Amino acid sequence: MESDECEQWMLESIRLYKDLHDFELQDPTRVIEWVGEKSICVAGYDCAKTNEILQLLVPQKLHTKENQGLCPERDLKVEHGGFSEHPVYSLKHIPETSVLVTSGPAVGSVQVWRIGAEDKDVIKPVSTIHSEAGTETWTKIATISSSAPCLIHGSQAGNTRVSEVESAKQIYSLGVTSRDPVSTISSLDSNTFFLCCSSGRQYMADVRQPQPAGEGTLDVSSSSNGHWCAAVRSTKQEARSAIASLSSEGHIIVTDTRDLSTPVKYARCRPSGPASAELFMCISWAPVLEDTISISGFDGTVQIYSAKSWDATMKERDPLFAHKGHSVIGVCEDGSVPRVTAHSWHPWKERTVLSAATDGSLHVWDWSDSNSELDS
């Protein structure tokens with residue numbers, strides 16, 4: 001970006017943000033996974049070299065629930081680390097354990113890691129879970145918390161399985177023959193999970209049933225050749241969960257788990273660039289703010305939307321807020337503008353988001369209430 005534009009953004013940031021932290025990772029990451037409320041895991045995704053997996057303690061100001069005033073620790077601190085021979089495209093922490101699972105291209109299995117194995121500072125590979133890697137995609141993963149932690153994994157709808165993490169024993173198969181590449185897997189509870197395919201085909205599964213518990217297809221005629229991903233948010237009504245689906249052409253469709261084929265809300269955003277199907281496109285629900293959706297992967301921004309007023313009419317919607325910091329103050333080694341690779345909401349700080357980009361930057365930001373209509 002031009003220096004004048006950078007200077008202008010820096011001045012505006014005083015008004016736009018409550019907090020804004022800019023960290024530099026040694027290598028870019030496409031995963032930001034919370035481990036408890038104080039630490040995150042990041043990992044490299046370079047196909048040409050060994051990649052680090054790091055557990056980082058976030059600064060005190062970002063995990064304390066009381067106003068501590070000036071905090072002595074202002075940087076990320078490495079708590080644990082390890083090395084992966086493969087690029088890490090997906091990483092999940094199994095809650096209430098010291099276990100991580102990872103997946104990525106060029107490897108046909110899911111790697112299981114233990115944090116603090118043998119040496120307390122080390123993240124060490126301990127086992128693998130076989131997963132049939134497809135030719136067009138890599139294995140997507142999600143975890144199920146239960147008395148025996150389980151992993152949902154699959155690269156195509158037809159090879160999606162549930163396996164016990166400890167024994168690697170397969171306990172469930174989705175029971176379809178589709179070769180649709182999987183884009184998103186989300187656990188709903190100890191028995192059910194949601195699956196979104198790149199084509200827009202979606203499934204609900206219950207491990208107590210041999211066949212899918214529900215299925216449907218997202219239908220936006222102009223997106224017939226596009227790529228879809230999705231995110232699930234549980235609601236107060238236990239019978240359903242809200243699903244937000246994002247297409248590579250910028251369409252957002254909200255449905256719920258009771259009827260995957262009937263959208264309840266539509267939106268069209270304005271991405272400034274194309275979202276590659278196998279790169280960084282991401283959609284998330286805010287865990288605290290009601291009906292709030294964030295998207296990234298199209299460019300160097302993270303856009304946040306309120307879906308409160310959306311209806312079943314496809315209309316262009318303006319974001320409540322767009323974090324432009326990566327594209328304004330960052331630059332990649334080849335001189336290109338950074339693209340956001342991943343973003344993640346803070347577990348309980350309602351307006352705090354972490355985002356990473358292709359230049360290795362990691363931003364933590366909390367936008368000001370005065371610049372949001374969320375409470376109106």
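Laboratory data are not the source of any read-out in this text; all were calculated from the coordinates shown. Computed from a prediction, not measured in an experiment: that's the story for all the values here. Cβ coordinates were reconstructed from backbone atoms using ideal geometry, including for glycine residues, and neighbour counts include every protein chain displayed.
In table form, for the structure just shown:
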read-out: Nonlocal amide H pairs with residue 300, under 5 Å, H built at 1.01 Å; value: 340
read-out: Farthest positive-ward along the chain dipole, Cα basis, beta-carbon charges - from 26, 177, 251; value: 177
read-out: Sum of -39500 (n - 2.57) over DSSP H runs of 4+, divided by residues of the chain (222 nm, nearest 500); value: -1500 deg cm²/dmol
read-out: Computed over the chain, the ratio Rg/Rh where both radii use C-alpha atoms and Rh is Kirkwood; value: 0.94
read-out: Partners for residue 265 among lysines (Cα-Cα distance below 22 Å; same-chain residues under 8 apart left out); value: 236, 308, 315
read-out: Convex hull per residue volume in Å³, alpha carbons only, for region 150-226; value: 81
read-out: Packing-based exposure ordering (other Cβ within 10 Å, fewest first) of 326, 251; value: 251, 326
read-out: Ranking of 362, 195 by count of other Cβ atoms within 10 Å, fewest first; value: 362, 195
read-out: Formal net charge of residues neighbouring residue 203 (Cβ-Cβ distance under 12 Å; K, R +1; D, E -1); value: -2
read-out: 30 Å Cα-Cα threshold exceeded, pairs from 124/324; 18/77; 61/324; value: 124/324
read-out: Ascending count of other beta-carbon atoms within 10 Å, so fewest first, for 305, 203; value: 305, 203
read-out: Burial ranking of peptide ranges 11-21, 48-58 (average Cβ count within 10 Å, highest at the top); value: 48-58, 11-21
read-out: Model label zone, residue 78; criterion: amide N under 20 Å from point 7 Å along Cα-to-beta-carbon; scope region 15-48; value: 22-35, 38-48
